[in-house]
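Novice: Pasting a structure below so you can have a look.
Nothing in this text is a laboratory measurement; each read-out follows from the coordinates by a stated rule. Source: prediction; values computed, not measured. Here the Cβ positions follow ideal geometry from the backbone for every residue, glycine too, while neighbour counts run over all protein chains shown.
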Amino acid sequence: MAEPAIAARGTVPPVSPMAIRPFVVCGVRRETRDTFTLELESAEGGPAPRFLPGQFNMLYAFGVGEIPISISGDPTRRGPLTHTVRTVGVVTRAMERLEPGGVLGVRGPYGEGWPVEDAAGADVVVVAGGIGLAPLRPVVLSVLAERERYGRVALLYGARSPKDILFRAELRRWRSAFHMDVEVTVDRGDRTWRGDVGVVTRLVPRAPFDPARTVAMICGPEIMMRFAAQELVRRGVARDAIWVSTERNMKCGVGLCGHCQHGPLFVCKDGPVFRYDRVETLLSKREI
Amino acid sequence: MVVFDRDALDHLVTALRDRGFDVVGPTVRDGAVVLAPLESGAELPCGIRDEQNAGRYRLRPGGDGAVFAHAVGPGSFKRWLYPPEATLWAARRTEDGFALEPSERRVRKLALLGARSCDVAALAIHDRVLASGPHLDADYAARRAGAFVVAVDCLTPGGTCFCASTGTGPSVAGEFDLRLTELCDPGRHLFLVEAGSDAGREVLRGLPHRPASDAERADADERRRAAADRMGRALDVDGLPAILARADDDPRWEETAERCLACGSCTLACPTCFCHTVEDRTGLSGERAERVRLWDSCFTLEFSYIHGGSVRASRAARYRHWLTHKLSGWVEQFGTLGCVGCGRCITWCPAGIDHTVEARSVRESHATRGVHP
Amino acid sequence: MSTQVHALDVLLKEHPFFHGLAPEDLEILAGCAKNERFEKGQFLYRENQNADRLFIIRQGTVSLEIYSARRGAIVFQKVREGDVLGTSWIVPPYVSGCDARALETVRAVSLDGPCMRRKCDADPRLGYELLKRSVAVLVGRLEAAHFQLLDLYRNPLERPRHG
């Protein structure tokens, strides 16, 4: 725990962590019916800030509001800041209307990220559900950038329907490059869908990895993460080798407003990525 | 250690105002001792006592001129150091998007007069929560940095006080600029004064005072010691954080929820509650936007809302969250209890819910149910 | 014992569904078993029709579907190599609640329902063992079905499909 670093009397007041930086939209891509990707560049010039896979920014739509969104870009390159956003409310709807040239306020990056470094030498299993693939995309890109440092790599991805599959072209590229396993399943198929149908947890028993030397990272709806973690445990993966990313209401993103508390944990600064054994009991409790 | 008299206390108020401080201290208003800006020491309470109990607060005359012979009132210094509403920044639309207006944070210096041990402890807690670590609340830090603290030992703890249980009183510990112990008897009205900083010493030098006699020091010690035995409530904190951390399914929460109105009075009165929300406001033309920090309470449904619904939908869950955070989660987060034993939440709860009773109930049912991992 | 039965015997022994059964039991069950092959598009069983077989899928993918005139065939699950299909043989009236259609060439071992029931009646201990294993398959299916029912990836702005 840090010593109180309160400003000594009479000195200049510190910079507020709530101050936003303007970023300009340089690219917009529609991913699915309700999901889109924004690419942002700093309006003040200079490269986008470095980030760790799993971190998020607070994104501000002028006059509308501010929300936390995971960074979905490539952490190994100094490209534009990338966020994949699902339209679920007022602020995301405002962001959906942005075109290149539009401006967003950005604060961050915040939060604890995925254990990509610590997974070196192990098999890597990434289990994603729905929009949960977006915060995990930086993990896959990091791992692929240094592929030889990892064992077997598997991505298990569940989407609602074929139309809701994110990053289709990229998934195909990853699969066809032979150096990782990509399994995609949908909750409900359609007439043309040739792939798997069924919940993503069903992919765990058969996925190619060695439970004794695997690091698993899961992101998706909380129920899905709970069940996926249990499947992994059933298959022999240790609870301290499984990581999840949780979500709670956030107003400040920096541990000052109290909103994101999940039990005693601040999702914004203790998480959003947590080791499963730390949150397993919390996840099983109601209204906590 | 020195002493000064009642008049010197008035001089203290003036001296602080002359140095540019806004002096905030206790005064009687609308049947309560509230904290308010003071223009002179004449506004301080005179001979006031209070009777406090769960959901009950009354003032009565004490028959003397004592200034501080009452326990804390509904307000705390939180209102000035961490105001209910504070503008964080403003921005204007520009051709290229928007630009932040340069910040003009002009913060008036504050002198906190009459900070009890619980108030001082609450300040330390807020310093830890809001002004340590990589991200500070800049507004709080600015107001706090300039604050002058005149602490006062509590010699007449109130009916709902339990600071002795939480280790935060009734004698002042921690940081202060001046510390007063009131010695008010028929025929004499003195304050034992200790300076706790250079700023305190500097102010004290300009006030009429003399060295304290051994008898006066012993008298003050005795009164402080006696006060510790006169707490209105007690809370056994031994092992309590661990018990509460595992008590999420205790039937007590549902029972208490029947009485709890989720009104949030406890969070308003509590000197350590810090939860806030952020509002982004625009003018009608949409050309200018402001971000404002506003007090919030975990008792509202919106507090835990994420797309689809609120995580803590039931009142039982919200009450449980508040109590568990205060007496358990806080320890894990910040290393101390979040509660300073001031009793405000008990006094000002319209339903008279007493969290020392709640905590005791959970502890007892934990003991009878046996320990589960 | 014929060569055919002997080969099936071995197949059954290797499949997790039959783990823990004594060799004699496997021999008995093998007597109810036969190799089957379905071409793409063929049904392993049909909804509401006799579904009186247990299948071990050895190769290929099978789609579990319910047909709606308005929406066409709604696929709610796909099963593939290694999966067990068909637990209706144990519950009267031994009729399936959905269609099972081969999406490609499917090779499977099927165990005849009436045959297995006769053997289970004769040896309740064997019946109990098979029941345990069938229930495990059912529980797994049910849990997966619960999941799908939750429509977890639904956008919260949409009205829920159920309740």
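Novice: Long-range amide H contacts for B:V3: which residues qualify at under 5 Å (H placed 1.01 Å from N, peptide plane, sequence gap of 5 or more or a different chain)?
Specialist: HN-HN under 5 Å from B:V3: B:V193, B:R210, B:A212.
Novice: Tell me the angle of helix A:133-145 to the major Cα principal axis of chain A, expressed in degrees between 0 and 90 and rounded to the nearest ten.
Specialist: Rounded to the nearest ten degrees, it is 80.
Novice: A further question follows. Only bridges whose two residues both fall in the protein assembly as shown count here: according to DSSP, what percent of them are antiparallel, nearest 5?
Specialist: 75 percent
Novice: Shifting gears a bit: What 222 nm value per residue comes from the helices of the protein assembly as shown, counting each DSSP H run with n ≥ 4 as -39,500 (n - 2.57) and dividing by all residues, nearest 500 deg cm²/dmol?
Specialist: Computed mean residue ellipticity for the protein assembly as shown: -8000 deg cm²/dmol.
Novice: I've got another one for you. Give the separation of the Cα centroids, region A:146-195 to region A:232-288, in Å.
Specialist: 26 Å
Novice: If you don't mind, there's one more thing I want to ask. Taking every eigenvalue of the Cα gyration tensor of the protein assembly as shown, multiplying by 5 and rooting it, what semi-axes result, largest first, whole Å?
Specialist: 65, 32, 21
Novice: Can you work out the Karplus-derived ³J(HN,Hα) for every residue in region C:60-67? Use 6.51 cos²θ - 1.76 cosθ + 1.60 with θ = phi - 60°, whole Hz, and x for glycine or proline.
Specialist: x, 10, 10, 9, 9, 9, 10, 8
Novice: Which value, in debye to the nearest 20, gives the size of the charge dipole of the protein assembly as shown about its Cα centre, when Lys and Arg are +1 and Asp and Glu are -1 at the Cβ?
Specialist: With only Lys, Arg, Asp and Glu charged at Cβ, the dipole is about 1940 debye.
Novice: Now for a separate question. Karplus couplings for region B:270-287 from phi (6.51 cos²θ - 1.76 cosθ + 1.60, θ = phi - 60°), rounded to Hz, Gly and Pro as x?
Specialist: My calculation for region B:270-287 gives 5, x, 10, 4, 10, 4, 9, 10, 10, 10, 9, 10, 10, x, 4, 7, x, 7 Hz in order.
Novice: Right, here's the next one. I need the helices of chain C that pass two filters: whole DSSP H segments spanning 18 Å or more by Cα along the axis, and mean Kyte-Doolittle score no lower than 0.0.
Specialist: C:124-150
Novice: Can you give the local net charge around B:R315? Use residues other than it whose beta-carbon is closer than 12 angstrom to its beta-carbon, Lys and Arg +1, Asp and Glu -1.
Specialist: 0
Novice: Also, quick follow-up: Taking H as built 1.01 Å from N, whose amide H comes closer than 5 Å to the amide H of B:G55, not counting residues under 5 places away?
Specialist: Amide H to amide H, under 5 Å and 5 or more residues apart or across chains, B:G55 pairs with B:T347, B:W348, B:C349, B:G352.
Novice: Can you give the average number of partner chain beta-carbon atoms within 10 Å of each beta-carbon in peptide B:184-195, as a whole number?
Specialist: Partner Cβ neighbours, averaged per residue: 0.
Novice: Can you work out ³J(HN,Hα) from phi for every residue in region B:354-361, in order, using Karplus 6.51 cos²θ - 1.76 cosθ + 1.60 and θ = phi - 60°, giving whole Hz and x for Gly and Pro?
Specialist: Working through the residues one at a time gives 10, 6, 6, 5, 4, 5, 5, 4 Hz.
Novice: Can you give the log10 of the normalised intensity I(q)/I(0) at q = 0.08, 0.13, 0.15 Å⁻¹, computed with Debye over equal Cα scatterers of chain A?
Specialist: Reported log10 I(q)/I(0), two decimals: -0.35, -0.92, -1.21.
Novice: While we're looking at this one, here's another question. My understanding is that a pair violates if its Cα-Cα distance is over 23 Å; which of A:K269/B:K109; C:K34/C:K119; C:K13/C:K34; C:K40/C:K119 do that in this structure?
Specialist: Flagged as over cut-off: A:K269/B:K109; C:K40/C:K119.
Novice: Give the percent of DSSP beta bridges with both residues in chain B that are antiparallel, rounded to the nearest 5.
Specialist: 80 percent
Novice: Modelling each spin label as a point 7 Å along the Cα-to-Cβ direction, I'd like the B:R230/C:N35 distance in nm, to one decimal.
Specialist: Distance between label points: 9.7 nm.
Novice: Within a Cβ distance under 13 Å of B:L44, other residues only, what is the Lys/Arg minus Asp/Glu net charge?
Specialist: Taking every other residue near B:L44 into account, the sum is -3.
Novice: Additional query: Have a look at chain B and give its Rg and Dmax from the Cα atoms, expressed in angstrom.
Specialist: 22.2, 74
Novice: Further question on the same structure: Within a 10 angstrom radius of each residue's Cβ in B:136-146, how many Cβ atoms of other chains show up on average? Whole number is fine.
Specialist: That average works out to 6.
Novice: Taking Cα pairs under 8 Å and at least six residues apart, what relative contact order does region B:70-162 come out at, in percent?
Specialist: 39 percent
Novice: For region A:71-160, what is the largest minus smallest coordinate of the Cα atoms on each principal axis, given in angstrom and ordered from greatest to least?
Specialist: Principal extents (largest minus smallest coordinate, Cα): 43, 32, 22 Å.
Novice: What residue among B:D221, B:D64, B:D96 shows peak mean-square fluctuation when chain B is described by a Gaussian network model with Cα springs under 10 Å?
Specialist: Checking each option, the largest mean-square fluctuation is seen for B:D96.
Novice: Which listed residue (A:G151, B:M231, B:A66) has the Cα farthest towards the positive end of the charge dipole for the protein assembly as shown, taking +1 on Lys and Arg C-beta and -1 on Asp and Glu C-beta about the Cα centre?
Specialist: Positive-end residue among those listed: A:G151.
Novice: Can you list the lysines whose alpha carbon is less than 22 Å from that of A:K163, not counting same-chain residues fewer than 8 positions off?
Specialist: Result set, ordered by chain and number: C:K78.
Novice: Another question, if that's okay. For a test of the definition: using alpha carbon positions, the gyration tensor, and the 1.5 limit on a/c, classify region B:103-213 as rounded, prolate or oblate.
Specialist: Oblate, since a/c reaches 1.5 and b/c is not below a/b.
Novice: Ok, one more. Just counting partner chain Cβ atoms within 10 Å, what average do the residues of peptide B:273-279 show around their Cβ?
Specialist: The mean count of partner-chain Cβ atoms within 10 Å per residue comes to 5.
Novice: Return the whole-Å distance between the Cα centroid of region C:13-29 and the Cα centroid of region B:7-47.
Specialist: The two parts, judged by their Cα centres, are 90 Å apart.
Novice: Loop only by DSSP, 16 or fewer other Cβ within 10 Å of the Cβ. Give me the trypsin sites (Lys or Arg not before Pro) in region B:7-80 that pass, ordered by residue number.
Specialist: In loop regions of region B:7-80 (DSSP not H, G, I, E or B), the sparsely surrounded trypsin sites (Lys or Arg not before Pro) are B:R19.
Novice: May I ask for the net charge around A:R172, where only other residues with Cβ less than 14 Å from the Cβ of A:R172 are counted and Lys, Arg are +1 while Asp, Glu are -1?
Specialist: Surrounding charge for A:R172 is +1.
Novice: Next question. With +1 assigned to the C-beta of every Lys and Arg and -1 to the C-beta of every Asp and Glu, and no other charges, what is the dipole magnitude of region B:1-124 about the Cα centre in debye, to the nearest 20?
Specialist: Around 260 debye, computed over region B:1-124.
Novice: How large is the dipole of chain A about the Cα centre if only Lys and Arg carry +1 and Asp and Glu carry -1, each at its Cβ, rounded to the nearest 20 debye?
Specialist: Its charge dipole is roughly 540 debye.
Novice: I would also like to ask the following. Among B:266-279, C:30-43, how do they line up from the highest to the lowest mean number of other beta-carbon atoms within 10 Å?
Specialist: B:266-279, C:30-43
Novice: Once amide H atoms are built 1.01 Å from N in the peptide plane, which residues 5 or more positions from B:G75, or in another chain, come under 5 Å H to H?
Specialist: B:L35
Novice: I've got another one for you. Pairs of alpha-carbon atoms within less than 8 angstrom and 6+ residues apart define the contacts here; what relative contact order does chain B have, in percent?
Specialist: Worked out over chain B, it gives 21 percent.
Novice: Same structure again: Can you give me the angle between helix A:222-234 and the longest principal axis of chain A, using Cα atoms only, in degrees from 0 to 90, rounded to the nearest 10?
Specialist: 50 degrees
Novice: Provide the FRET efficiency to the nearest 0.05 for the C:R58-A:L282 pair, computing r from the beta carbons and using R0 = 45 Å.
Specialist: After rounding to 0.05, the efficiency reads 0.55.
Novice: Using a Gaussian network for chain A with springs between C-alpha atoms less than 10 Å apart, which of these wobbles most: A:G89, A:G108, A:G263?
Specialist: A:G89
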